[in-house]
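The block underneath contains the structure these notes are about, expressed in structure tokens.
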Amino acid sequence: MAVPQPGRRRPDDPRPAPGERGGGGRGGRGRTRGRLSAAMGDEGEAKGESAVSAQQAAPPRRRSRRFPALTRDTARPEGGGRALGGEHPAPYRQWPLLAVCAGVLIGLLVTVIEVRVGTLIVGLALLGGAALRWAKPSVGMLAVRSRFTDLVTYGVLGGVIVLLSLMVQPKPWLTVPFLDTLVHFTVR
């Protein structure tokens, strides 16, 4: 029994190997050509027992239009390429993500000392990530989903964190009158 090679199927497998698939249009023209030419010699004579005649060739199978049961790969998000060229080291190529992570880390460290300022820095770092995602065509690993989804996610989370940090008690920097009324009906 022949040992299967990488990228090849076993010799007794009726399906064509990846390199043997014909272009073929409607009606299946050209689909069995690779198998027949592989089984025939240079002058068209059969090569031993593995020869397949035109009468014995199985009719070509149509490819299914259904989605595959097993996903083999995922698409790169829009703008998910390198932020810098391949000649630079890996950390430099991911500078947008590192800038946002550094801002969040600095904000968390400042939160230990001053909660309001630290959370404000975290929110501004996320808003900066949204701005980078909007302005730069390629932001590396900062691109997780589509550009629109990333903008909405980073923008809404950053905006909510900034607003909450401005309303931290005691002595909030921002007061929203309808929130006081809402809290009055729910808590008091």
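Annotations for the structure displayed:
- A single entry from Ile121, Ile113 fulfils the requirement of being crowded, with 16+ Cβ neighbours inside 10 Å and farther than 25 Å from Leu84 by Cβ: Ile121.
- Filter pass, Val168 being in a loop (DSSP other than H, G, I, E, B), over 14 Å from Cys101 (Cβ atoms), of a type outside the set (S, T, N, Q) and over 17 Å from the mean Cα position of the chain (by Cα): yes
- Any pair with Cβ under 6 angstrom, 6 or more apart, that starts in the stretch 125-138 at a residue that is touching a residue at least 12 places away in the same chain (Cβ under 8 Å) and ends at one that is small (Gly, Ala, Ser) and exposed (fewer than 15 other Cβ atoms within 10 Å of the Cβ): Ser138/Gly81
- Selected residue (criterion: nearest to the chain's Cα centre (by Cα)) from residues of the stretch 124-141 that are surrounded by fewer than 19 Cβ atoms within 10 Å (Cβ to Cβ) and assigned to a loop (DSSP other than H, G, I, E, B): Ser138
- Annotation note: of Leu163, Leu174, the sole residue that is part of a helix (DSSP H, G or I) and not acidic (Asp, Glu) is Leu163.
- Just one of the listed residues (Val144, Val183) is β-branched (Val, Ile, Thr), at pLDDT below 95 and assigned to a loop (DSSP other than H, G, I, E, B), namely Val144.
- Against the criterion of being without any contact (Cβ under 8 Å) to a residue 12 or more places away in the chain and under 21 Å from the mean Cα position of the chain (by Cα), Phe178 does not qualify.
- Filtered residue count, the stretch 92-110, keeping only those that are small (Gly, Ala, Ser), surrounded by 13 or more Cβ atoms within 10 Å (Cβ to Cβ) and modelled with pLDDT of 95 or more: 2
The values are calculated or read from the model by the stated rules, or taken from the named source; none is laboratory data. Keep in mind that this is a model prediction, so the values were computed, not measured. Quick reminder, even Gly has a Cβ in these numbers, built from the backbone with ideal geometry, and neighbours come from all protein chains shown.
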